[in-house]
Amino acid sequence: MNNTENSTRKNRNSQKSIADYKKKHYKQINVSVAADKKEIILAHAEKYQDEVGEPRTKGYSPKGSVNAFINRAIDETMERDIKAGDGE
């Protein structure tokens, strides 16, 4: 086996490991927003969403991550609702 084949095999194994991990630990929720609102959300996340965690560690999200911004928005809203007695 040459270096290219070995590298390709390692890459496929790595991609499969990542996919398996995500399948086990994460679930997706699809959210629909108006086209113009999507651009506003992207710009807001880019400006205000800070980096979370350390690179290459569980829970890491880079600065400007829309996924991290949406998760933060959900967490903060749920916390606020529970404190107000409207949730849980």
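If a residue has to be β-branched (Val, Ile, Thr) and within 25 Å of Glu76 (Cα to Cα) to count, how many in region 1-54 make the cut? If you could, list the steps in order and put the result at the bottom.
Initial filter on region 1-54 (β-branched (Val, Ile, Thr)): 4, 8, 18, 29, 31, 33, 40-41, 52.
Adding the requirement that they be within 25 Å of Glu76 (Cα to Cα) leaves 29, 31, 33, 40-41, 52.
Of the residues in that region, 6 qualify.
Can you tell me which residue is modelled with the lowest pLDDT among those in region 54-82 that are surrounded by 10 or more Cβ atoms within 10 Å (Cβ to Cβ) and polar (S, T, N, Q)? Of everything passing the filter in region 54-82, Ser61 is modelled with the lowest pLDDT. The set of residues from region 8-53 being hydroxyl-bearing (Ser, Thr, Tyr) and either surrounded by fewer than 11 Cβ atoms within 10 Å (Cβ to Cβ) or within 18 Å of the chain's Cα centre (by Cα) (or both) comprises Ser14, Ser17, Tyr21, Tyr26, Ser32, Tyr48.
The values are calculated or read from the model by the stated rules, or taken from the named source; none is laboratory data. Just so we're clear, the structure is a prediction, and the values are computed from it rather than from any experiment. Positions of Cβ are backbone-derived with ideal geometry, glycine not excepted, and every protein chain shown enters the neighbour counts.
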